[in-house]
Amino acid sequence: MSELIAGVTQSLDQGEWTRRYTGALMNTFGPPQRVLVRGEGCYVWDADGNRYLDLLAGIAVNSLGHAHPTLTGAISAQLGTLGHVSNFFASPVQITLAERLTELTCAGPRPEAARVFLTNSGTEAMEAAVKLARRHGGADRPRILALEGAFHGRSMGALALTHKPAYREPFEPLPGGVEHLPFGDLRALEEAFAAPGQVAALVLEPIQGEAGVRPLPAGYLAAARELTTAHGALLILDEVQTGMGRTGTWMAHHHPQVGGGIVPDAVAVAKGLGGGFPVGALITLTEAAATLFQPGQHGTTFGGNPVAAAAALATIHVIERDDLLTQVTSTGEHLRTAVAGSDHPLVAGVRGAGLLIAVELAEPVAAAAAQAALRAGFIVNPVAPDALRLAPPYVLTTEQADSFVAALPQILNEARQ
Ligand SMILES: *Cc1c(COP(=O)(O)O)cnc(C)c1O
């Protein structure tokens, strides 16, 4: 660690840091639960020296865990060689990443037409997707369909697709044309396409993350593909949370129980892509989608910068080299089976795929359970009043998973008090 960073990090306890936090940062997130100073593998440490097993991974971001040597090595090497160039120029890592992303997004051979737009976040990838939908639809096709419960980001375009009223209402009016359909309701989807006015795009999360790890019902994505194709609309998948191996396949829509091999027009990824470094991408797979942006119509200063590209390439490399997709599948199955097997009365079930998991609770005590988990040394997220989200690093071991399962009954007992 550099002396500068060490100097900032040492010395204060959590109470003092929290006081300084509230005096310096806008109150968009509420007070922090802990102030963290260090991470290694699946563990993080707070300013008082307490250790936590990180079962949230920065909200499905730190796929390789914390301070992975291959990732930090690639980032440092790239930053020490060439850090930023603007999009007037290109870099080998950026080009290689774009090629790799098109390969990984197609379960089969890479279509010639596939193209990538690189961003710094999931929101920006989805903002690009909204603009892509507008380019496709033009003025005569303003309708964009999304689902109730959807979360697609907080910029005005992405927010227009996001469903939660508490996120939208303070910022209205939002860009128009978006309709939210009942979640997983095939009939409603068919009716939306039969209604007057052409649809420019249908935007879906294969598993809704922020709404509580809610998988779309079997067959829904296939039907969505058929309807969009028949009506000349784009099918855009938001895999910001579910993509890049989180469900045990590169994309959730590759997962046999989720997408079953459909080919969308465009896919947005971000969270896990850079293993903790901010980077996102909109990947178009069809000719129709890949050629919609003309030079000058969309852009970014930082998007595609060499450091972010190196981080993403390193993350992909480690996932392949260490066969982490297999580990995600097996550890995820182990964890879900173990939690589902708990005879604690508050455990109502589990849902999700791979290492994107919700522990379903029989009572709305998720917030209290997450607090109790933290006190017991585990980071989980109360994604819904009655659900705990687990999205741990792909490198989580079964022993680490078991330590949480063993602690869960006591955590839930405390949550009930
Ligand atoms: C997190 C998330 C986003 C927004 O990504 P940011 O990187 O926070 O901008 C968009 N869509 C989904 C499905 C997400 O989970």
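Among what's in segment 242-269 and is touching a residue at least 60 places away in the same chain (Cβ under 8 Å) and at positive phi, pick the residue that is most open to solvent (accessible area, probe 1.4 Å).
Gly261
Restricting attention to segment 91-120, which residues are free of Cβ contacts under 8 Å to residues at least 12 places away in the same chain and not β-branched (Val, Ile, Thr)? Spell out the reasoning first.
Filtering segment 91-120 down to residues free of Cβ contacts under 8 Å to residues at least 12 places away in the same chain leaves 92, 95, 99, 103, 108-110, 112.
Across segment 91-120, the qualifying residues are Pro92, Glu99, Glu103, Gly108, Pro109, Arg110, Glu112.
Check off (1) among the hydroxyl-bearing types (Ser, Thr, Tyr); (2) in contact (Cβ under 8 Å) with a residue 24 or more places away in the chain; (3) surrounded by 15 or more Cβ atoms within 10 Å (Cβ to Cβ); (4) not in a strand (DSSP E or B) for Thr72 and give me the number that stays unchecked.
Among (1) among the hydroxyl-bearing types (Ser, Thr, Tyr); (2) in contact (Cβ under 8 Å) with a residue 24 or more places away in the chain; (3) surrounded by 15 or more Cβ atoms within 10 Å (Cβ to Cβ); (4) not in a strand (DSSP E or B), the lone unmet condition for Thr72 is (2).
From the list Ile411, Ile316, pick out the single residue that is open to solvent by less than 10 Å² (accessible area, probe 1.4 Å), in the same structural domain as Ala107 (by TED's automatic domain parsing) and β-branched (Val, Ile, Thr). Give the steps one after another, and end with the answer.
Working: Ile411 fails: in the same structural domain as Ala107 (by TED's automatic domain parsing).
Within the list Ile411, Ile316, the selection yields Ile316.
Pull up segment 111-142, narrow it to residues that are of a type in the set (Lys, Arg) and away from the ligand (no atom under 16 Å from the Cβ), then point me to the one that is nearest to Pro175 (Cα to Cα).
Looking at the filtered set, the residue picked out is Arg134.
Every residue in segment 268-302 that is within 13 Å of the ligand (Cβ to nearest atom), assigned to a loop (DSSP other than H, G, I, E, B) and within 14 Å of Leu237 (Cα to Cα), please.
Across segment 268-302, the qualifying residue is only Ala270.
In segment 156-183, what residues are more than 22 Å from Val213 (Cβ to Cβ) and touching a residue at least 24 places away in the same chain (Cβ under 8 Å)? Don't jump to the end; show me each part of the working.
So the first thing to find is which residues in segment 156-183 are more than 22 Å from Val213 (Cβ to Cβ), and the list is 156-157, 160, 169-179.
Selection gives Gly157, Ala160, Pro175, Gly176, Gly177, Val178, Glu179.
Go through segment 1-69 and tell me which helices (runs of 4 or more DSSP H), entirely inside it, have 2 or more residues that are free of Cβ contacts under 8 Å to residues at least 40 places away in the same chain and among the polar types (S, T, N, Q).
By residue number, 14-24.
Look at segment 172-185 and say how many of its residues are farther than 14 Å from Leu161 by Cα and surrounded by 16 or more Cβ atoms within 10 Å (Cβ to Cβ).
1
Looking at segment 85-96, is at least one residue within 16 Å of the ligand (Cβ to nearest atom), in contact with a helix residue (DSSP H, G or I) (Cβ under 6 Å, 6 or more places away or on another chain) and under 26 Å from Leu313 (Cα atoms)? Explain how you work it out, then say what you get.
So in segment 85-96, the residues within 16 Å of the ligand (Cβ to nearest atom) come out as none.
Checked against the condition, which is being within 16 Å of the ligand (Cβ to nearest atom), in contact with a helix residue (DSSP H, G or I) (Cβ under 6 Å, 6 or more places away or on another chain) and under 26 Å from Leu313 (Cα atoms), segment 85-96 yields no hits at all.
The values are calculated or read from the model by the stated rules, or taken from the named source; none is laboratory data. This one's a predicted model, so the numbers in the text were calculated from it and none came from an experiment. When we count neighbours, we look across all protein chains shown, and the Cβ atoms used for this are built from the backbone with ideal geometry, even at glycine. Protein only, heavy atoms only, side chains kept; ligands, DNA and RNA dropped before computing areas. Shrake-Rupley method; radii C 1.70, N 1.55, O 1.52, S 1.80 Å.
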